[in-house]
């Protein structure tokens with residue numbers, strides 16, 4: 001039995017680099033320039049993921065069982081990490097839900113949760129920030145309106161070039177991505193994108 005176990009471990013050691021076995025480390029990579037890199041498809045911090053899961057249940061007004069039946073939303077479908085985006089000493093929660101409810105042709109919806117004065121959380125990434133989860137996500141070292149910028153990839157750009165979202169004073173936004181999304185929504189043909197981004201063309 002012991003020999004079989006040893007052979008199994010050797011097999012994993014040899015095949016994991018080739019097959020892409022799940023990464024067990026939970027901490028994001030911090031680069032020398034201060035950039036934080038994270039891979040939602042391979043990493044998940046339990047504390048941050050638990051907070052995001054509870055937030056989504058409350059947002060959907062569903063019990064765990066109802067959320068699972070509704071769109072297969074379970075603790076295992078949540079991937080999140082925590083980092084301080086604005087230097088106030090409190091860590092924000094950044095994450096995704098691997099569910100068809102939050103996943104579409106533009107990518108998967110990004111959550112950025114900030115704790116408020118009532119010890120509750122609000123999502124400050126409300127407007128059309130959709131990312132490709134099989135590509136790395138970055139928190140950049142420089143800030144806009146006191147919050148660190150973020151960089152990601154999105155299929156809405158078609159060529160998968162890196163995109164950046166910045167904080168407009170209320171929410172994180174990406175003007176280019178929002179504009180392209182709205183171009184596909186006929187009902188919003190006369191919608192003023194600047195109302196949600198704070199940016200004029």
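Structure notes:
- Cβ-Cβ under 9 Å pairs, at least 6 apart or on other chains, region 61-76 side more than 22 Å from residue 40 (Cα to Cα), far side at pLDDT below 95 and outside any helix (DSSP H, G or I): 70/99; 70/101
- Residue 89 being in a loop (DSSP other than H, G, I, E, B) and either modelled with pLDDT under 95 or within 11 Å of the chain's Cα centre (by Cα) (or both): yes
Results for (1) surrounded by fewer than 13 Cβ atoms within 10 Å (Cβ to Cβ); (2) modelled with pLDDT under 95; (3) within 13 Å of the chain's Cα centre (by Cα); (4) in a loop (DSSP other than H, G, I, E, B), shown as yes or no for each residue.
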| residue | (1), (2), (3), (4) |
| --- | --- |
| 42 | no, yes, yes, yes |
| 50 | no, no, no, no |
| 55 | no, no, no, no |
| 58 | yes, no, no, no |
| 62 | no, no, no, yes |
| 67 | no, no, no, no |
| 73 | no, no, no, yes |
| 76 | yes, yes, no, no |
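- Failed item in (1) crowded, with 17+ Cβ neighbours inside 10 Å; (2) modelled with pLDDT of 95 or more, with residue 143 passing the rest: (1)
- Being within 27 Å of residue 146 (Cα to Cα) and at pLDDT below 95 is true of residue 30.
- Hey, residue 201 over 19 Å from the mean Cα position of the chain (by Cα) and at pLDDT below 80 or not: yes
- Number of the exception - residue 94 against (1) modelled with pLDDT of 95 or more; (2) in contact with a helix residue (DSSP H, G or I) (Cβ under 9 Å, 6 or more places away or on another chain); (3) surrounded by 21 or more Cβ atoms within 10 Å (Cβ to Cβ); (4) farther than 18 Å from residue 163 by Cβ: (4)
- Applying the criterion of being without any contact (Cβ under 8 Å) to a residue 60 or more places away in the chain and under 14 Å from the mean Cα position of the chain (by Cα) to the residues of region 111-121, the residue that is farthest from residue 69 (Cα to Cα) is 114.
- Any pair with Cβ under 9 angstrom, 6 or more apart, that starts in region 79-103 at a residue that is on the phi > 0 side of the Ramachandran plot and ends at one that is exposed (fewer than 14 other Cβ atoms within 10 Å of the Cβ) and at pLDDT below 95: none
The values are calculated or read from the model by the stated rules, or taken from the named source; none is laboratory data. Keep in mind it's a predicted model, so treat the numbers as computed, not measured. Backbone-built Cβ (ideal geometry, glycine too); neighbour counts: all protein chains shown.
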